[in-house]
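To start, the structure under review is shown below, and the notes come after it.
The values are calculated or read from the model by the stated rules, or taken from the named source; none is laboratory data. Note that the coordinates shown come from a computational prediction; the quantities given were computed from them, not determined experimentally. Neighbour counts are summed over all protein chains in view; Cβ atoms, including those assigned to glycine, are modelled from backbone coordinates with ideal geometry. Areas reflect the complete protein model, heavy atoms only, side chains present, ligands, DNA and RNA absent. Shrake-Rupley method; radii C 1.70, N 1.55, O 1.52, S 1.80 Å.
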Amino acid sequence: MGTYVMKFGGTSVATPALIQNVAKRVLCETECGNKVVVVVSAMGKTTDQLVSMAKELSEAPSKREMDVLLSTGEQVTIALLTMALQQLKINAMSFTGWQAGMVTEDIPSNARIKTVDTEALKKCLAEGKVAVVAGFQGVDRHGNITTLGRGGSDTTAVAIAAALEAERCDIYTDVEGVFTSDPRHVKNARKLDEISFDEMLELAHLGAGVIHPRAVELAKNYQMPMSIRSSTIYTEGSILKEEVQMEKDLVVRGVAFEGEIVRLTVYFGETYNSALANIFTTLAKHHINVDIIVQSVIPNAAPTVSFSVKKEQLIKALQVLADHQEVLGYDHIDHELDLAKVSIVGSGMASNPGVAAEMFDCLFRSGIPVKMVSTSEIKVSVVVPEEEMFLAANTLHDQFELGVISEKLAQ
C-alpha cells in the first residue's frame, strides 16, 4: 500500500460526465489498496468566465478579491468530484487549499507555496478516505485566500506529494504525455516515454503548456517520481525523472514555441556609465519577467539594451520604466510587437557542439529572420516574427529528426 497523488486539469473535469470518469480512475487506484489524494482544477473555462465577470464590474479589480473569486472555481470541482466518488461507494472528503494546509506567500494572484501542513490530509488518509483537494489556492500568514497563478494546481499536487512523501505524483491531462512538440501545430510530433526534469523544466518555461514550471522544479528538488498521462485514455504516459535511460542518442529532445512576445530596446546617452543591471532590478521589483537580453556597449557609441517580455506585461513594463527614467538615465525606448520565441531543448546539447549553428543555418535556409538569441547548456531560443512561428517549429522538428523513433529503441 502506498500514497499516490492524482491531479486532474480543467479539461479533465469540464463536465459532470468527465467528473464521473475521473471518479472511476480514482476507484481503480483505491482498488489496488493505495491511499489517494486527488488534486483538481476548476471545471473547463470556469476561471476565464470568472475573470470576465470581474472585468464587467471593474477595470482594475482588487487582487485580493480576485483571489477570493477565482478560488471558488476549484471549490465547485472538489464538491462535485467528492459526490461522484461517494456515489461509487468510495469514502471521500473535500478540502479547500487552506483546509489542506497550503500556506503561501502573501502575494495575491501569483503566490508561492511556503509550507504544507499535512495534519488534516494524513488524518483523512488514515481513516481510509480519499482526500479531494482544490488546487491553485492557499492561505497566507494573515489568513487571506491566495492563488498560485495559471497552472498552479500542478504545483499544489507536487507540493502535497512531496510533503506526504508519496510514492508517485501523476498529472492527468487532455494529452497522452509529453510530446517532442505541440502535436496540434507540428506534424510528426510524437510522445516521449521519458524526459529529464531539466529538459521538462526548460520546455515548460519556453511555452510547452503540459505542466507548470514550478511543479517540475518542486519535483526535481524533492526527487518526486511523476508522470504526465491522459485522463481519458488508459495508457502509459511520459515519466519525468532525473536522467533518462531511453533514446539517450537524442541530442535535441523537444521544440517549444510561444507567441505574443515583445522586444523592448532601451537607448542610453553616450556618457552613460551606470550599471545597465539597474533596469532589470527595477523591473524585477515590480514582478515583470524579463527573458532574452541583448546588450550592446561599443566604445564612442551610445549603449543599448534589448530584452523580451510577454505582451501582457508590455504596458506595465513601459510604465515602470517611464516612472524611473530619471534614476535609470536612459534617453528613450522602442518596442517591437508581433514576435514569437522558438526553442530547441535537449540535455545532449551540452556535449555536442554545433547544435546552435545547425539551428541558425536551418532557419536561414527557410528564410526565417532571427531577431534575438538566448542559449544555455541544454537549450537555444530565438525570437522570430510571430507569423513564422509554426514554420520555424516544424522546420526545426524535421531538422533534428524528432519525429523519428530511435533505431535502438525500435529494436
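Brief remarks follow.
- Near pairs, Cβ below 9 angstrom, 6+ apart or cross-chain, from the stretch 374-400 (free of Cβ contacts under 8 Å to residues at least 40 places away in the same chain) to any residue that is part of a helix (DSSP H, G or I) and charged (D, E, K, R): 377/198; 395/365
- Boolean, residue 52 is among the hydroxyl-bearing types (Ser, Thr, Tyr), assigned to a helix (DSSP H, G or I) and farther than 25 Å from residue 139 by Cα: no
- Apart from one condition, residue 204 fits all of (1) modelled with pLDDT under 95; (2) outside any loop (DSSP other than H, G, I, E, B); (3) among the aliphatic types (A, V, I, L, M); (4) more than 30 Å from residue 156 (Cβ to Cβ); the exception is (4).
- You will find that of 47, 15, 11, 82, the residue that is hydroxyl-bearing (Ser, Thr, Tyr), out of contact with any Ser or Thr (no Cβ under 6 Å at 6 or more places or on another chain) and either over 17 Å from residue 134 (Cα atoms) or at pLDDT 95 or above (or both) is 15 and no other.
- Test: residue 189 is open to solvent by less than 30 Å² (accessible area, probe 1.4 Å) and within 25 Å of residue 309 (Cβ to Cβ): no
- Residue 339 vs. criteria out of contact with any strand residue (DSSP E or B) (no Cβ under 6 Å at 6 or more places or on another chain), at pLDDT 95 or above and not polar (S, T, N, Q): no
- Considering the stretch 387-411, the residues that are surrounded by fewer than 20 Cβ atoms within 10 Å (Cβ to Cβ) and outside any helix (DSSP H, G or I) include one that is modelled with the lowest pLDDT, namely 411.
- Residues of the stretch 156-185 satisfying the condition of being open to solvent by less than 10 Å² (accessible area, probe 1.4 Å), within 19 Å of residue 214 (Cα to Cα) and polar (S, T, N, Q): 156
- Qualifying residue in the stretch 55-65 (condition: closer than 15 Å to residue 8 by Cα and either modelled with pLDDT of 95 or more or under 26 Å from the mean Cα position of the chain (by Cα) (or both)): no
- Meets criteria (open to solvent by less than 40 Å² (accessible area, probe 1.4 Å) and at pLDDT below 95) for residue 2: yes
- Scanning the stretch 181-212 for residues that are of a type outside the set (Lys, Arg) and without any contact (Cβ under 8 Å) to a residue 24 or more places away in the chain returns 183, 201, 204, 205.
For (1) in a loop (DSSP other than H, G, I, E, B); (2) under 19 Å from residue 169 (Cα atoms); (3) without any contact (Cβ under 8 Å) to a residue 24 or more places away in the chain; (4) open to solvent by 30 Å² or more (accessible area, probe 1.4 Å), each residue gets a yes or a no:
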position: 12; (1), (2), (3), (4): no, yes, no, no
position: 24; (1), (2), (3), (4): no, yes, no, yes
position: 28; (1), (2), (3), (4): no, yes, yes, yes
position: 48; (1), (2), (3), (4): no, no, yes, yes
position: 56; (1), (2), (3), (4): no, no, yes, yes
position: 60; (1), (2), (3), (4): yes, no, yes, yes
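- Some residue of the stretch 226-246 being crowded, with 17+ Cβ neighbours inside 10 Å, farther than 30 Å from residue 19 by Cα and of a type in the set (A, V, I, L, M): yes
- Selection count where residues are touching a helix residue (DSSP H, G or I) at 6+ places or on another chain (Cβ under 8 Å) and surrounded by fewer than 19 Cβ atoms within 10 Å (Cβ to Cβ), scope the stretch 30-46: 2
- Residue match in the stretch 65-78 (condition: over 21 Å from residue 226 (Cβ atoms) and small (Gly, Ala, Ser)): yes
- Some residue of the stretch 205-215 being charged (D, E, K, R) and surrounded by fewer than 18 Cβ atoms within 10 Å (Cβ to Cβ): no
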